[in-house]
Each structure stands twice: as C-alpha cells, then as structure tokens.
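Please read the structure below before turning to the comments.
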Amino acid sequence: MGRMGSAAAVAVAVVAVLCAAAVARVRGEDTVDEDTPGASFIFGDSLVDAGNNNYLSTLSKADMNPNGIDFAASGGTPTGRFTNGRTIADIIGEMLGQADYSPPFLAPNTTGGALLNGVNYASGGAGILNGTGRVFVNRIGMDVQVDYFNITRRELDGLLGKEKAREFIHKKAIFSITVGSNDFLNNYLMPVLSAGTRVAESPDGFIDDLIIHLREQLTRLHALGARKFVVANVGPLGCIPYQKTLNRVKDDECVKLPNTLAAQYNGRLRDLLIELNAGGLPGGRFLLANVYDLVMELIANHRKYGFSTASVACCGNGGRYAGIVPCGPTSSMCDDRENHVFWDPYHPSEKANVLLAKYIVDGDSKYISPMNLRKLFKL
C-alpha cells in the first residue's frame with residue numbers, strides 16, 4: 001500500500017473510532033443533555049446538496065472542477081456541492097456546534113455513528129412536487145427524501161435503542177428544509193416542459209398544490225419524530241444570473257414574474273407555518289427562514305457586505321451575466337470569488353452563504369421567526 005493508501009486507511013480508522021465513541025456516549029447517557037452534539041437532517045435541492053447527486057445518473061451534478069475550489073474539508077476538490085465552498089447548511093451546522101458535516105444519504109459510509117451528525121438527503125434538481133426537475137432525468141424529490149429519512153430513523157433505533165433515539169431526534173436534531181425554487185424554475189416556468197401546466201393551472205392553483213404537498217411532507221417527518229424545523233422560503237428567483245441573462249434585464253433590475261410567484265408562494269408558506277405552530281402538528285416548532293428578503297438585502301446593499309457584483313456569476317458562461325451555461329471544467333471562472341454574491345448562474349457563493357447563515361442562526365425576526373435557530377436548538 002502506498003503513502004496515500006496508508007493515509008486514507010488511517011483517516012478511515014480514526015473516523016470509525018470517533019463514531020464508535022459518539023455512539024457509546026449517547027447510549028451511555030441517562031438522558032440526551034446539553035453536551036450531546038447536535039445533528040442536522042437536511043432536505044431540499046442543490047442549494048444544500050452535499051453530494052447525493054454524485055450517486056445518480058443525472059444532468060444535475062457538481063462533482064467536477066472548479067466547484068468546491070474553496071471547500072477546505074476536501075482540500076479544494078469537488079464534493080458535489082453546487083458552490084465554491086460550504087453550503088448554507090454546512091455553515092449552520094458548524095455554528096451550532098455540530099461535530100462534522102451531515103453526510104449525503106447515498107454515500108456508502110453514511111451509516112453507524114456517522115448518523116449522529118445528521119444526514120443530508122438534498123438533491124440538485126429536487127422539488128416539492130415529484131414531477132419537478134424531470135429535465136435533469138434523475139433527482140431525489142421531497143417525497144423520496146422523507147422515505148429515506150424513514151430508513152435512517154429505523155437505523156437510529158437500532159443504533160441507540162428506541163427510547164434514546166426518540167429523545168435524540170426530539171431534542172438534538174434540527175430538520176432543515178430548503179426547497180421550492182425548482183418547482184418554479186424547472187417546472188412552472190420552464191418554457192417547454194411547463195406549457196401544458198401553465199395553461200391548465202393558474203399560479204394560485206399551482207401554489208395550492210405546492211403547499212398541500214409540503215404540508216404532507218412536514219406531517220410525515222413529524223410522525224417520524226421530528227420536532228424542530230427550519231423551513232426556508234423561496235429566494236428572489238428573478239434576480240439570479242440565469243433569469244437576468246435569459247430575460248436581458250439591466251444590472252440593477254430583476255425579472256418580475258419569477259419574483260412575483262416566489263412572493264406569492266412565500267406568503268402561503270408563512271401562513272402554513274403559523275398554523276402548524278398553533279397546534280397543527282403538536283409539539284412541533286417551525287421556524288421560517290426569510291431567504292427572499294435576506295438575498296434581496298445582499299443584492300441591494302452588496303457593496304456594504306464586501307461584494308463588487310450581485311449580478312454576474314463567478315463561474316459560468318453566456319450573456320452579460322455568465323448566466324446560461326452551468327459551472328464546469330470548460331466554464332469561465334472569475335479571479336475574485338470573494339467579490340461575487342453568485343458562484344454560478346443559480347447558486348450563492350460561500351461568502352454569501354456565510355452571511356445568510358449568520359442571520360438565520362442569530363438574526364432577528366425580520367429574517368428568522370418566530371425565534372432564531374440558535375434559540376430553537378437550545379430548547
């Protein structure tokens with residue numbers, strides 16, 4: 001075995017020992033207390049995918065350079081994250097004291113003690129509706145992501161025992177849901193695929209479907225023991241480089257229709273979470289992460305936050321905003337990644353993700369309500 005093989009073997013052995021110790025610690029405690037590290041169970045789309053799509057035959061992939069160029073944990077090699085570094089979910093986990101990043105569900109080593117960090121089920125191209133993202137051929141929609149958590153839930157019962165697993169899920173687990181963008185971008189607003197949908201269904205009817213399905217998905221997670229939720233609303237889709245390039249708007253303009261649809265959905269999502277917090281799902285606590293206004297704040301005041309552009313993608317090609325061709329080995333990449341709000345035509349840069357995460361974990365009710373995520377985690 002060469003040096004690289006020996007180093008890899010040592011690293012695997014160290015991780016295995018740490019995972020075994022974590023299991024023994026949780027099993028051995030009479031209760032799950034404040035010193036037990038937290039876990040993040042992450043559901044959603046490419047904004048938070050940590051590599052599940054690496055294991056799918058799909059057109060939605062980020063396991064190629066230069067994606068991940070600033071991801072310190074991998075030494076700058078691609079992991080399947082759709083950004084230059086950490087996702088917002090990665091950063092939130094760090095801020096809440098999580099021992100390690102939540103591993104992708106489909107990764108072969110996501111088993112045993114690794115589950116105590118939580119698990120990432122998110123998939124690039126995924127949506128609330130099963131039909132969303134079919135342009136990518138394969139993706140893991142929200143319904144299947146919840147099915148996968150059911151598998152993890154049974155594994156935790158076997159790992160910790162049913163009572164301790166239930167306590168762990170209730171007290172130490174945050175359930176993060178970042179989904180909905182693709183239901184508009186790669187379903188309702190797709191020029192070819194959605195033509196029939198838009199003729200047959202009004203925006204109100206389509207958003208009704210989204211809310212009905214999301215309610216069912218949250219209800220299923222609650223039935224499996226989830227109690228602490230943070231649900232992100234849909235960001236200003238009309239301001240991403242892809243939409244701005246496609247619709248040829250000015251640098252300081254966004255495309256109206258996608259933003260109008262996002263705002264309409266977000267209003268309905270807010271009402272749903274208010275209802276669930278009022279006893280719709282007993283014992284459940286649901287935070288609304290106001291990503292729409294957060295991203296609008298970053299865009300409107302990007303220079304204040306240390307960015308030089310909130311319109312041009314750092315990595316991509318096509319048009320004024322490099323917003324047509326996704327980031328990959330043949331894409332153009334900027335030299336000043338720290339100056340871009342957007343990494344590629346669709347996704348924020350790591351620097352933008354850090355700012356968003358800080359507001360969600362420790363911010364006030366303008367951006368995270370009815371309390372911030374740190375307060376929910378401590379309950």
TODO: State the percentage of accessible surface on the chain attributable to carbon and sulfur atoms; use a 1.4 Å probe and exclude ligands, DNA and RNA.
DONE: 56 percent
Task: Phi to ³J(HN,Hα) by Karplus 6.51 cos²θ - 1.76 cosθ + 1.60 over the range 241-255, Hz, x for Gly, Pro - done: x, 4, 5, 5, 5, 4, 9, 6, 8, 6, 4, 9, 10, 10, 7
- [ ] Could you check which residue among D335, D208, D293 shows the biggest mean-square fluctuation in a GNM of the chain with a 10 Å Cα cutoff?
- [x] D335
Task: Quotient of Cα Rg and 2.2 N^0.38 Å for the range 46-183, N being how many residues it contains - done: 1.04
Task: Residues whose placed amide H lies under 5 Å from that of S349, excluding near-sequence neighbours - done: F342, W343
Open item on the list: In Å², and per residue, what accessible area does the chain have when probed at 1.4 Å with the other protein chains present?
Closed with: 42 Å²
Task: Fluctuation leader among L356, L257, L218 - the chain, Gaussian network, Cα springs under 10 angstrom - done: L257
Open item on the list: Pairs of alpha-carbon atoms within less than 8 angstrom and 6+ residues apart define the contacts here; what relative contact order does the range 37-376 have, in percent?
Closed with: 17 percent
Task: More than 27 angstrom apart: percent of Cα pairs within the range 236-378 - done: 29 percent
TODO: Beyond 37 Å, what share of the Cα-Cα pairs of the chain is found? Please give it as a whole percent.
DONE: 17 percent
TODO: Would you please give the residues with an amide H less than 5 Å from that of C315, counting only those at least 5 places away or on a separate chain, with H modeled from the backbone geometry?
DONE: C334, D344
Open item on the list: Counting other C-beta atoms within 10 Å, and keeping those with at most 11, which DSSP coil trypsin sites (Lys or Arg not before Pro) do you find in the range 210-266?
Closed with: R248, K250
Open item on the list: Among T77, T330, T132, which one shows the highest mean-square fluctuation when the chain is modelled as a Gaussian network with alpha-carbon springs under 10 Å?
Closed with: T330
Task: Pairwise centroid distance, computed over Cα atoms, of the range 140-155 with the range 260-313, Å - done: 25 Å
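Taking a 19 Å limit on the Cα-Cα distance, which of the listed pairs K61/K351; K61/K250; K172/K375 fall beyond it? Walk me through the numbers before you get to the answer.
Details: K61/K351 21 Å; K61/K250 30 Å; K172/K375 12 Å.
Correct reply: K61/K351; K61/K250.
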Task: Under the Karplus curve 6.51 cos²θ - 1.76 cosθ + 1.60, θ = phi - 60°, whole-Hz ³J(HN,Hα) for the range 215-228, x wherever Gly or Pro sits - done: 4, 4, 5, 5, 5, 5, 4, 4, 5, 8, x, 5, 10, 10
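Quick check on the chain: helices-only [θ] at 222 nm, where DSSP H runs of length 4 and up contribute -39,500 (n - 2.57) each and the sum goes over total residues. Nearest 500, please.
So the helix-based figure for the chain works out to -12500 deg cm²/dmol.
The values are calculated or read from the model by the stated rules, or taken from the named source; none is laboratory data. All figures in this text were calculated on a predicted structure; none of them were measured in a lab. Cβ coordinates were reconstructed from backbone atoms using ideal geometry, including for glycine residues, and neighbour counts include every protein chain displayed. Ligands, DNA and RNA are excluded from the accessible area calculation, which covers all protein heavy atoms including side chains. Shrake-Rupley method; radii C 1.70, N 1.55, O 1.52, S 1.80 Å.
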